[in-house]
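The values are calculated or read from the model by the stated rules, or taken from the named source; none is laboratory data. For clarity, every value in this text was computed on a predicted model and none was experimentally measured. Cβ coordinates were reconstructed from backbone atoms using ideal geometry, including for glycine residues, and neighbour counts include every protein chain displayed.
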Amino acid sequence: MTLQLRVYVPPHPLIKHWLAVARDAATPSVLFRSAMTELGRWLTYEAAREWLPTQDTTVQSPLGICPATYIDPEVPMAVVPILRAGLGLLEGAQTLLPLASIYHLGLVRDETTLQPSCYLNKLPEKFHPQTRVLITDPMLATGGSIIKAMEELTQRGVDPSLTRIISVVAAPPALQKLGAAYPGLIIYTATIDEQVNERGFIVPGLGDAGDRTFGT
């Protein structure tokens, strides 16, 4: 079977609501942060389907023994926020994945060449091969930063098929690059916009997610 990139746009009304709040240029920074937190929460909820490792057992209820399913604590999980905008989605993701380790990866894009460079790398030297990795990156625009992040992760043993990316807005250039390089990857995004302008911003998008999150 040939692997191919899968991109899901969940039709959840809460995702649509908080996307609308985040897109609105009149939304103040404090409310924008709330929108990003909620989008992180609900996109992680959707991404966790059939991805989180589980184990079956039985428990004693007040009235009898019954089958039960738990998240398997023996399988490692990690959340990798792409700094700095990815921090906006982290809080929501972390509330659903409280046992996950958090590894920060700081990438900055040259405004002229649009090429990314790494200024902070807190990834471990090697990941366990069964690690489930969730990447939080609000804007998948030209694809430079997310490709760089995937390169750093796969060099350390991360399996793309066990990796999930959550984003708020994705665009074709990034999706095409990811599909060519990592066909087993799965992405959950609140929406897909068709245009990326000459500055590398998604249109209509939601502006600079980092600046809007941190009020800078």
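Brief remarks on what is shown
- For segment 183-194, the tally of residues that are farther than 19 Å from Ile147 by Cα and touching a Phe, Trp or Tyr at 6+ places or on another chain (Cβ under 9 Å) stands at 1.
- Whichever residue in segment 169-216 is assigned to a helix (DSSP H, G or I) and touching a strand residue (DSSP E or B) at 6+ places or on another chain (Cβ under 8 Å) and, among such residues, is modelled with the lowest pLDDT: Ala209
- Among residues of segment 145-160 that are free of Cβ contacts under 8 Å to residues at least 40 places away in the same chain and over 24 Å from Glu111 (Cα atoms), those with a Cβ under 7 angstrom from a residue that is basic (Lys, Arg) and part of a loop (DSSP other than H, G, I, E, B), sequence gap 6+ or separate chain, pair up as Arg156/Lys126; Gly157/Lys126.
- Per-region count, segment 179-206, residues buried (at least 17 other Cβ atoms within 10 Å of the Cβ) and either on the phi > 0 side of the Ramachandran plot or touching an Asp or Glu at 6+ places or on another chain (Cβ under 9 Å) (or both): 6
One line per residue, one yes/no per condition, for (1) in contact with a Leu (Cβ under 7 Å, 6 or more places away or on another chain); (2) within 20 Å of Ala48 (Cβ to Cβ):
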residue: Glu111; (1), (2): no, no
residue: Glu152; (1), (2): yes, no
residue: Asp159; (1), (2): no, yes
residue: Arg164; (1), (2): yes, yes
residue: Pro173; (1), (2): no, no
residue: Ile186; (1), (2): no, yes
residue: Glu194; (1), (2): no, no
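- Residue in segment 45-63 that is loosely packed, with under 11 Cβ neighbours inside 10 Å, small (Gly, Ala, Ser) and either modelled with pLDDT of 95 or more or at negative phi (or both) present: yes
- Test: residue in segment 67-83 that is at pLDDT below 95 and within 23 Å of Thr142 (Cβ to Cβ): yes
- Matching residues in segment 152-161 - criterion: being more than 15 Å from the chain's Cα centre (by Cα) and in a helix (DSSP H, G or I): Glu152, Thr154
- Boolean, Arg164 is charged (D, E, K, R) and either closer than 15 Å to Leu5 by Cβ or part of a helix (DSSP H, G or I) (or both): yes
- Residue that is hydrophobic (A, V, I, L, M, F, W, C), in contact with a helix residue (DSSP H, G or I) (Cβ under 6 Å, 6 or more places away or on another chain) and within 27 Å of Ile192 (Cβ to Cβ), where the choices are Leu90, Leu83, Leu96, Leu153: Leu96
- Qualifying residue in segment 115-122 (condition: surrounded by fewer than 19 Cβ atoms within 10 Å (Cβ to Cβ), closer than 23 Å to Arg23 by Cβ and modelled with pLDDT under 90): no
- Among the residues of segment 7-65, those identified as of a type in the set (Gly, Ala, Ser) and either within 21 Å of Arg132 (Cβ to Cβ) or assigned to a strand (DSSP E or B) (or both) are Gly40, Ala47, Ala48, Ser61, Gly64.
- None of Leu97, Leu83 is without any contact (Cβ under 8 Å) to a residue 40 or more places away in the chain, surrounded by 14 or more Cβ atoms within 10 Å (Cβ to Cβ) and over 17 Å from Leu185 (Cβ atoms) except Leu83.
- Scope segment 41-69; condition without any contact (Cβ under 8 Å) to a residue 24 or more places away in the chain, of a type in the set (D, E, K, R) and touching a Pro at 6+ places or on another chain (Cβ under 7 Å); matching residues: Asp56
- The set of residues in segment 129-139 being in contact (Cβ under 8 Å) with a residue 60 or more places away in the chain and in a strand (DSSP E or B) consists of Arg132, Leu134, Thr136, Met139.
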